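Asks: Submitted below is the structure of interest, expressed as structure tokens.
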Amino acid sequence: MPKVLVTGSSGLIGSQTVEYFDQLGWDVHGIDNNMRMDFFGRDGDTTRTLNRLQSVTQRFTHHNLDIRNRELVASTIADLKPDLLVHCAAQPSHDLAKDRPFDDFDINAGGTLTLLESVRQSCRDCVFVFMSTNKVYGDAPNEYEFKELLTRYDYARPEDYLGVNESCRVDASMHSLFGASKLAADVMVQEYGRYFHMPTVCFRGGCLTGSGHQGAEMHGFLAYLARATSEGRPYRIFGHQGKQVRDNIHSLDVCRAFHAFYKNPKCGAVYNLGGGRENSVSMLEAIDRFEQLLGKRLSWEYVPESRLGDHICYISDLTKFRQDYPDWSLTYSLEEVFEDIAERHRSDAPAGIAVGNGAADRSV
């Protein structure tokens, strides 16, 4: 069977990827050193997720490794020679990057380069999947024309209805330091694909979510919102009257996109990947839905000043990926995403990977 190496294997997308390919019978290896706890404290600790993976998988090997360690990364990849590398490890916070700029850039940009070069030297036919971000566009998506509705902002022009596509510019905008480091990595992944003719792809994610997400205040919109509602934590809304909009994609559907690309790879590909128009929700709408599902009121305060570079309304236009991979589709509706996250907080279950709700039937 094929072999996959997953970086950030104890995070949301990484852990879902481990379980997804383990269930397919692949030889699965994961790299993770729980930097998330270093970033976010106890809220970010992924130990329970790793313990769960080790208990439910059959073919998973964990490697406690920092992707900034060039020698160890190179030797690990040379030994394993994976058929697929799914790169999810990152400093993931828009806000935290300003306080730890060297960690942010060394992990997001430098770590990605280390992985790419290690693959080129040892197994250049390995399909390289990079989990990028919509923050590579900076605040350019805020230049769209918007209309203000009762509970959300939306695009004003009919031609923008499906959202932001891959032609959105990536320069002459404010990204946050996180967006800049991810953009550096994104461009490098493309360059290795085009210059060295390696099978690489950048998936520019919208809000990636699911019950396995260790939500923290500075990262993980829906997961942390559910946690705050369930546990009675105070919550802050930063600007835009709480009407800012995001599209949300379940981690399992992200993994199905990875698999689809692996089966028909391209060199230097770029795709926006999110929940699209059908899975878009504003902050006010999300608060209301979790209050209904959890039977509790959220204690929140409004901070008029928005986060620097924050998107007013961001919906991923999925047209390009759907055209190139017509067998892929979203299998989790927005309501199912909410239910999946809420169920974890109802039961106070350990951080896990969603495989229920018909996941066995949600194949590519």
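Asks: Let me spell out the model: positive unit charges on the Cβ of Lys and Arg, negative unit charges on the Cβ of Asp and Glu, origin at the Cα centre of the chain. What dipole size does that give, in debye rounded to 20?
Replies: 380
Asks: Quick one: 95, 327, fewest Cβ neighbours within 10 Å first, how do they rank?
Replies: 327, 95
Asks: For the stretch 302-343 and the stretch 234-250, compute the distance between their C-alpha centroids and round to whole Å.
Replies: A separation of 12 Å, based on Cα centres.
Asks: Can you sort 227, 346 by how many other beta carbons sit within 10 Å, fewest first?
Replies: 346, 227
Asks: Cα to Cα, under 16 Å, and not fewer than 8 places away if on the same chain: which aspartates and glutamates meet these conditions relative to residue 3?
Replies: Once the sequence-local aspartates and glutamates are set aside, what remains near residue 3 is 19, 22, 27, 79, 83, 125.
Asks: How large are Rg and Dmax for the stretch 3-361 when only the alpha carbon atoms are used, in Å?
Replies: 19.0, 56
Asks: Further question on the same structure: Anything over 19 Å Cα to Cα? Flag those among 98/182; 182/266; 182/320; 135/263, in the order listed.
Replies: The answer is 182/266; 182/320; 135/263.
Asks: Give me the distance between the Cα centres of the stretch 120-186 and the stretch 1-66, rounded to whole Å.
Replies: 26
Asks: Taking the chain as a whole, which cysteines find no other cysteine Cβ under 4.7 angstrom from their Cβ?
Replies: Singleton cysteines: 88, 168, 202, 207, 255, 267, 313.
Asks: What's the ranking of 125-132, 288-295 by average number of surrounding C-beta atoms within 10 Å, highest first?
Replies: In decreasing order of mean packing, 125-132, 288-295 become 125-132, 288-295.
No value in this document is a laboratory result; all are computed from the given coordinates. Nothing here was measured: the structure is a model prediction, and the numbers come from that model. Here the Cβ is made from the backbone with ideal geometry for all residues, glycine too, and neighbour counts use every protein chain on show.
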